[in-house]
1. Just to be sure I understand, how many residues within segment 25-57 are surrounded by 12 or more Cβ atoms within 10 Å (Cβ to Cβ) and over 23 Å from the mean Cα position of the chain (by Cα)?
2. Tell me which residues, restricted to segment 28-46, are touching a helix residue (DSSP H, G or I) at 6+ places or on another chain (Cβ under 7 Å) and under 15 Å from residue 5 (Cβ atoms).
3. What tally of residues in segment 143-166 results from selecting those that are out of contact with any strand residue (DSSP E or B) (no Cβ under 9 Å at 6 or more places or on another chain) and exposed (fewer than 15 other Cβ atoms within 10 Å of the Cβ)?
4. Within segment 62-78, track down each residue that is in a helix (DSSP H, G or I) and touching a strand residue (DSSP E or B) at 6+ places or on another chain (Cβ under 9 Å).
5. Could you check how many residues of segment 19-43 are closer than 22 Å to residue 79 by Cβ and either in a strand (DSSP E or B) or free of Cβ contacts under 8 Å to residues at least 24 places away in the same chain (or both)?
6. Since residue 8 meets every condition but one in (1) closer than 14 Å to residue 72 by Cβ; (2) assigned to a helix (DSSP H, G or I), which condition does it not meet?
7. Can you tell me which condition residue 104 does not meet? The list is (1) in the same structural domain as residue 142 (by TED's automatic domain parsing); (2) assigned to a strand (DSSP E or B); (3) closer than 19 Å to residue 141 by Cβ, and all the others hold.
């Protein structure tokens, strides 16, 4: 019998950090299933999901806890395997415009009010090529419930985009 664990990892970025976690997972018979990791500021931050033999779960968690001595914080949660959910339409949403506080808040609030689940969200701020002003960029993958009035949601997002002076593009994801 196997367990699935979802973990968050954060610590001062340095070479070998992923290797130390991967080594511990492998030493305990674990299988690294999926992850999202990146450097944010001077910190390394990541989320990952591993499958581990049930008997090795507690020894793995103890070994990961020992990484705190190296300045790495690891939080793990059991991920029970849920029954397959019915497939829902997937959409991608891209946002770009001059950075200002509240963009993510307003967009996420609109999505939540329509029951939309944000499956993935990637955001960044970058310097505009010509003007040097700070641009906000976001890409999201969204799961749209059948009950969602997509036309009304799109209209709400377009109004927010106009108010914030950002561009929004929206498209159906292939296979979703």
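The values are calculated or read from the model by the stated rules, or taken from the named source; none is laboratory data. Since the structure is predicted, the reported quantities are computational estimates derived from the model, not experimental observations. Neighbour counts are summed over all protein chains in view; Cβ atoms, including those assigned to glycine, are modelled from backbone coordinates with ideal geometry.
1. The total comes to 8.
2. Of everything in segment 28-46, those that are touching a helix residue (DSSP H, G or I) at 6+ places or on another chain (Cβ under 7 Å) and under 15 Å from residue 5 (Cβ atoms) turn out to be 28, 29, 30, 32.
3. 9
4. 64, 65, 67, 68, 70
5. Selection size over segment 19-43: 11.
6. Unmet for residue 8, out of (1) closer than 14 Å to residue 72 by Cβ; (2) assigned to a helix (DSSP H, G or I): (2).
7. Tallying (1) in the same structural domain as residue 142 (by TED's automatic domain parsing); (2) assigned to a strand (DSSP E or B); (3) closer than 19 Å to residue 141 by Cβ, residue 104 fails exactly one: (2).
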